[in-house]
Structure formats: structure tokens, C-alpha cells
1. Those residues that are among the aliphatic types (A, V, I, L, M) and either free of Cβ contacts under 8 Å to residues at least 40 places away in the same chain or crowded, with 23+ Cβ neighbours inside 10 Å (or both), I need them from the range 306-321; list them, please.
2. Kindly evaluate L159 against the criterion of being among the hydrophobic types (A, V, I, L, M, F, W, C) and open to solvent by 10 Å² or more (accessible area, probe 1.4 Å).
3. Could you pull out the residue among L124, L103, L87 that is away from the ligand (no atom under 13 Å from the Cβ), open to solvent by 10 Å² or more (accessible area, probe 1.4 Å) and not β-branched (V, I, T)?
4. Residues that are assigned to a loop (DSSP other than H, G, I, E, B), touching a strand residue (DSSP E or B) at 6+ places or on another chain (Cβ under 8 Å), charged (D, E, K, R) and in contact (Cβ under 8 Å) with a residue 40 or more places away in the chain: does the range 287-296 have at least one?
5. Scan S65, S112 and give me the residue that is within 18 Å of R254 (Cβ to Cβ), within 16 Å of the ligand (Cβ to nearest atom), surrounded by 16 or more Cβ atoms within 10 Å (Cβ to Cβ) and hydroxyl-bearing (S, T, Y).
6. Residue under question is S52, and the condition is that it be open to solvent by 30 Å² or more (accessible area, probe 1.4 Å), farther than 20 Å from P346 by Cβ and either within 12 Å of the ligand (Cβ to nearest atom) or touching a strand residue (DSSP E or B) at 6+ places or on another chain (Cβ under 6 Å) (or both); does it hold?
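The values are calculated or read from the model by the stated rules, or taken from the named source; none is laboratory data. Predicted model, so just to flag it, every value in this text is computed and none were measured. Cβ placement follows ideal geometry from the backbone for every residue including glycine, while neighbour counts extend to all protein chains displayed. With ligands, DNA and RNA removed, areas are computed over all heavy atoms of the protein, side chains included. Shrake-Rupley method; radii C 1.70, N 1.55, O 1.52, S 1.80 Å.
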Amino acid sequence: MQKSKIWLSSPHMGGTEINYIHEAFEKNWIAPLGPNLNAFEEAIQNYLTPISSPYRGTAEVAALSSGTAALHLALILLGVKPGDEVLCQSMTFAASANPIAYLGATPIFIDSERDTFNLCPNHLEEAIKDRISKGKTPKAIIAVHLYGMPYKVEEIQELSKKYSIPVIEDSAEALGSSFKRQKCGTFGDFGVLSFNGNKIITTSGGGALVSHTEEKKQKAVFLATQARDNAPHYQHSEIGYNYRLSNISAGIGRGQMEILDKHVALRRKMHEFYKNLFKSIKGVDVFSEPTEDYFSNHWLSVISINSSKTNGITREDLRLCLEKENIESRPLWKPMHLQPIFEKMPFYGSGVAEDLFTNGLCLPSGSNLNDEERERIANAICGCFKI
Ligand SMILES: *Cc1c(COP(=O)(O)O)cnc(C)c1O
């Protein structure tokens, strides 16, 4: 009999989600608007900038149908137009870059650095200078906290300021992470969250745009609800979108926010589990915070394999070993400048993202994994490395 599947990251309900959905049904709040939507936005806002934090009042949250929609609206709000250039971390999920193409703009891809696997400040500055010298100042920088690890926040902010280029902070994988105790999602001119099915919390599909003024939030909500002018009939002076989160999905989100910190702790425990497991296996590095300033939610636990030190065992060998035991694992995001759809776009870098892609593997990381499943994972890994 085949053993049950162990997933990389699967939805994990806390239990109260269904109550909020029941309530919405009882009161017929089935249309997109409703109390769950407002309460969910407020819960996120309170989480990102708690009452006790010095950042209180600096985050405004608009709940949307996806993280991709949030990225699209962020670019629109920054005035990105056809022919513009947008700087984007190459190593990321395609959703970080696709909205640049929706707008007819050109993505300029930037390599990663090895400490956080995220946007390399040196190559970023090299790219900015080169694009300016060619006559075009890029309109935005899209920086990503991959797998929950904060990017080099201070270095990126400094460059943003120096060249007056706003930052869109793709925090889709990093809800619950922080840098110097400030929550990820609050650093950029705009922050993006995702509540897709495999993320740290889910609304079964959804996202949010974080901005820093009520006015920007309202503009995002306006665009996300078909850009209706204030009139009794349907009147439009701008192109709108249907990007608002539904009140039903927001009900799931309300329940999920109640257990977010618990689930972050469980994901971090999975990371500890892998650190212990790989202590005795030479040539395998468990991706961890570079300094104490960084706090990762460890959405996914990631390893890098140096096959010259593992008797030739590669990440693909380990992936196949795990697959045989019905355990899901996955290579890291394939860099965008190597994707067939984006390979003709400019790229500034020196092969770091490509190397991370070749040797890295994401391992099962869900907050709902149990001891028995951890034992199966440990046995499969030890079997593969023959220890
Ligand atoms: C998931 C993800 C997105 C997109 O979010 P959706 O809600 O799935 O549209 C964007 N960027 C990154 C880095 C992601 O992991």
C-alpha cells in the first residue's frame, strides 16, 4: 500500500474559520462587501503594526483577490506605463514579474546574494546606473523576501532613496517575518501579501496591498472594484479591475489570523528539525538567518547541496529519493532571466541565483506535519545519504 502523501506546504485551519463563514451565510453577507472583509483588514493591520509598536498607524491594508492583483495595483499606483522599466529580483515566483508585463513595461532582472538569497544590492546599483546612463530611470524596484527570509532591507532602502526609485516589497511568502523587529510587508512604498493555498496562512485564494496612507488604500480599493465614480449610475473615468477579496474568503482569513503566530512557530520548528537532521550530513547547508536582525517565518525550509562533498549526491537525487517515499520536495524558484518567456530581458548578475537554483531544494515545511511524518522524512533523507 502506498504511504500517504507528505506535502511541501498544505492549508492548516485553526478551527474558527467556519464560524465566520456561518455568520456571513446567516446574515446574507455573500456579496464581496461585508464585516469579515473589514475585520480581516483590521487584523492584518494590527498584526503588522501592533499597538505597542513604534510603527502603529503606518500601515493601511486593502484585501484583494490575490497577491498578483496586489502587485499589479502597486505598479499602477506608481504610474508604471508601457515602455517603462521595472527592476525585479530574478530569483522569485513568476507572479512577481508578470504584472510588469501586464502593463507593457520591461522587467530588468537582478541577481541574488548568498546571505538571504534575495536582491543583491551591488548588482541592483550596477543596473540602476546602467539604465540611467542608457537614458531611462527605472520606475520601481520589486524586492522579494524569498521563503520568508527578509531581504537586505537597509541596503535596498538606501538605494531606493539615493536614486528616488520606490520599492514594491513582495512579502507574499513572508507574513510573520521581521527585520530588526519590524514586520515584513511594511518596508516598501507598497507591500504585497498572499493568502494562496500553499502560503503560511490561506483564504483559499487572496492577497493584500499594504500602503502607508488611507488615501492610497482607498485608491487601491477604488481600482479593485471597477473604478466606479461617485454617481447614482455606473460612471467610469479610469480603467478598473475586479480584484477585491470576497467576504466569505475574508472569513477564512479572520480565523487564520488568530493562529498565525502559532503556525509561524511550528514552521520555525520544522526548520530546527532540518538543522538537527543535517548536522551530521556533510555538504548540506540549511538556509538560515544570516544575523539576529533577521527573523524568518521559514515558510519553506530550504537546503543547498554541494555534491562535491556528498559523494556525488545531488539535489535531484534527493528529490527522487523523497518522491519514491511519496514525500514532496521541490527545486528553488527557477530565476526569471532563465525562463523561456523572459530570457530576452536584460539581466545584471554573476550566476548566484542560477547556482542556488541548481543546488537548492525545498523540503516539507507545513505547520501541520506530525512526528510520524517527520520520522518518514528523516528516514528517507538518511537513506538517500546512506547514514
Ligand atoms: C505566491 C506568490 C505571489 C503571488 O501570490 P498569489 O496570491 O498566488 O497571486 C507573488 N510573489 C511571490 C514571491 C509568491 O510566492
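1. If the condition is that a residue be among the aliphatic types (A, V, I, L, M) and either free of Cβ contacts under 8 Å to residues at least 40 places away in the same chain or crowded, with 23+ Cβ neighbours inside 10 Å (or both), then L320 is the only one that fits.
2. Yes, satisfied.
3. That would be L103, the only listed residue that is away from the ligand (no atom under 13 Å from the Cβ), open to solvent by 10 Å² or more (accessible area, probe 1.4 Å) and not β-branched (V, I, T).
4. There is at least one residue in the range 287-296 that is assigned to a loop (DSSP other than H, G, I, E, B), touching a strand residue (DSSP E or B) at 6+ places or on another chain (Cβ under 8 Å), charged (D, E, K, R) and in contact (Cβ under 8 Å) with a residue 40 or more places away in the chain.
5. Exactly one of S65, S112 is within 18 Å of R254 (Cβ to Cβ), within 16 Å of the ligand (Cβ to nearest atom), surrounded by 16 or more Cβ atoms within 10 Å (Cβ to Cβ) and hydroxyl-bearing (S, T, Y), namely S65.
6. no
For (1) hydroxyl-bearing (S, T, Y); (2) in contact with an Asp or Glu (Cβ under 8 Å, 6 or more places away or on another chain); (3) on the phi > 0 side of the Ramachandran plot, each residue gets a yes or a no:
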| site | (1), (2), (3) |
| --- | --- |
| G148 | no, yes, yes |
| I156 | no, no, no |
| K161 | no, no, no |
| S164 | yes, no, yes |
| K180 | no, yes, yes |
| I201 | no, no, no |
| G205 | no, no, yes |
| K219 | no, no, no |
